Every structure is written in C-alpha cells, then in structure tokens.
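A.B. asks: Got a structure here, written out as structure tokens. Questions coming.
The values are calculated or read from the model by the stated rules, or taken from the named source; none is laboratory data. Computed from a predicted structure; not experimentally measured. As a convention, Cβ positions derive from the backbone with ideal geometry for all residues, glycine included, and neighbour counts pool all protein chains shown.
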Amino acid sequence: METNFEDYVIQQAPSLAAKVGPTWFLLMCMDYRYAHRVVDLMDREGLRGKYDVFVLAGAAAGANEEPDWLKVLVTHVKTARELKHHIERIMILEHRDCGAYKKFFGLDWANVKPPEELAEHLREVRRLTPVLKDALRDPDYPELEVVSFLLARDQDDPLETEDHKQS
C-alpha cells in the first residue's frame with residue numbers, strides 16, 4: 001500500500017519528536033492560579049512536548065534566595081542533559097501577585113504598582129540568569145539561552161534580559 005509524503009510525515013512526527021527530546025527547561029512558580037496560563041504560553045510559543053518542568057516557589061526568586069534550591073535546580077538541568085534531554089534554553093515563568101516574593105522581600109502587593117512589580121521580577125531574573133549560565137556551562141552544549149515572562153492571569157509581559165529582547 002502506498003503512502004503519500006504528507007501522511008508519512010504525520011506518522012513519523014511523534015517518534016521523531018521523541019528521539020530529539022526536550023530542548024527547553026521550564027522554571028516556574030508553584031502557584032495553582034497560573035497553571036492554565038503556563039500551558040497557554042508554552043503552546044502559543046510552539047513548545048508543546050519540547051520542555052521539562054521544574055517548580056520552585058517564586059521561580060527565579062526562590063533559586064536566588066534559597067541556595068539549596070538553586071543547587072537542586074542546577075542538578076536537575078544537568079540530570080536532564082545526562083538523560084539525553086538536550087537542554088539548550090531555560091524559560092523562567094514569573095507571575096504577578098507572587099506569595100513567595102512577599103515572603104522573601106516583604107512586598108505588600110496591595111501597595112506595589114505594576115511597574116514596580118515588573119522591576120522586582122526583572123531584577124530576580126537578571127540576577128539568576130548569569131548564575132545559571134555559569135553553572136551550566138558545558139562544552140557539549142551551546143551557550144545557554146535564558147528567556148522569561150511575567151504572567152498575569154490574562155496576558156504575559158516578556159521580561160527583557162540579554163537573551164530575550166523585545167522587538
């Protein structure tokens with residue numbers, strides 16, 4: 001029985017994707033209110049099935065403020081790579097009204113204006129990015145790329161870092 005090219009590609013796509021494995025590592029906060037937003041964003045970015053997930057309270061802030069959490073995060077990325085997950089990029093998903101930021105920095109979100117909140121998240125992402133790049137430097141991989149977004153419940157704000165510039 002003959003198979004046309006399009007049908008062949010459709011049949012092969014899942015197994016080919018499985019052979020490549022994930023190339024993204026997602027660091028996100030544990031807040032249940034944003035689970036649907038995470039899936040929406042990752043799908044919109046075309047990353048369904050292309051990422052591993054790691055959860056820390058506060059995402060970047062958690063890794064920055066809790067040294068043991070940072071060690072575990074780095075160990076997880078290294079383990080993923082050892083398991084042939086070709087992690088070349090990390091996406092950090094922060095979110096508005098984060099309880100961990102309140103815990104770590106004493107922020108009272110009722111009195112913090114959106115631009116100040118954005119600045120807090122951006123500071124933590126920019127603080128974590130060079131640490132991750134240094135800890136995960138590996139001659140078998142290109143330089144690690146780190147991108148990030150600040151999630152709201154209905155829209156996302158890209159956080160500009162060296163690797164993630166707004167157009």
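A.B. asks: In segment 18-61, which residue that is hydroxyl-bearing (Ser, Thr, Tyr) and either modelled with pLDDT under 90 or assigned to a helix (DSSP H, G or I) (or both) is nearest to the chain's Cα centre (by Cα)?
C.D. replies: That would be Tyr34.
A.B. asks: Looking at (1) crowded, with 16+ Cβ neighbours inside 10 Å; (2) touching a residue at least 60 places away in the same chain (Cβ under 8 Å), which is the only condition Ala80 fails?
C.D. replies: (2)
A.B. asks: What tally of residues in segment 98-127 results from selecting those that are among the aliphatic types (A, V, I, L, M) and touching a strand residue (DSSP E or B) at 6+ places or on another chain (Cβ under 7 Å)? Break it down into steps so the answer makes sense when it comes.
C.D. replies: To start, the set of residues in segment 98-127 that are among the aliphatic types (A, V, I, L, M) comprises 100, 107, 110, 112, 118-119, 122, 125.
With touching a strand residue (DSSP E or B) at 6+ places or on another chain (Cβ under 7 Å) added as a condition, the list becomes 118, 125.
Qualifying residue count, segment 98-127: 2.
A.B. asks: Any residue at all in segment 56-64 that's in contact with a Gly (Cβ under 6 Å, 6 or more places away or on another chain) and touching a residue at least 12 places away in the same chain (Cβ under 8 Å)?
C.D. replies: Scanning segment 56-64, I find at least one residue that is in contact with a Gly (Cβ under 6 Å, 6 or more places away or on another chain) and touching a residue at least 12 places away in the same chain (Cβ under 8 Å), so the answer is yes.
A.B. asks: Residues in segment 69-97 that are assigned to a loop (DSSP other than H, G, I, E, B), hydrophobic (A, V, I, L, M, F, W, C) and out of contact with any strand residue (DSSP E or B) (no Cβ under 9 Å at 6 or more places or on another chain): how many?
C.D. replies: Of all residues in segment 69-97, those assigned to a loop (DSSP other than H, G, I, E, B) come to 83-88, 96-97.
Okay, now just the ones that are also hydrophobic (A, V, I, L, M, F, W, C), so 83, 87.
Checking which are out of contact with any strand residue (DSSP E or B) (no Cβ under 9 Å at 6 or more places or on another chain) leaves us with 83.
So the answer is 1.
A.B. asks: When you go through Val72, Val125 one by one, which is the residue that is within 13 Å of the chain's Cα centre (by Cα) and modelled with pLDDT of 95 or more?
C.D. replies: Val125
A.B. asks: May I ask you to say which residue of Ala100, Ala110, Ala119 is in contact with a helix residue (DSSP H, G or I) (Cβ under 8 Å, 6 or more places away or on another chain) and among the small types (Gly, Ala, Ser)?
C.D. replies: Only one candidate passes the filter, namely Ala100.
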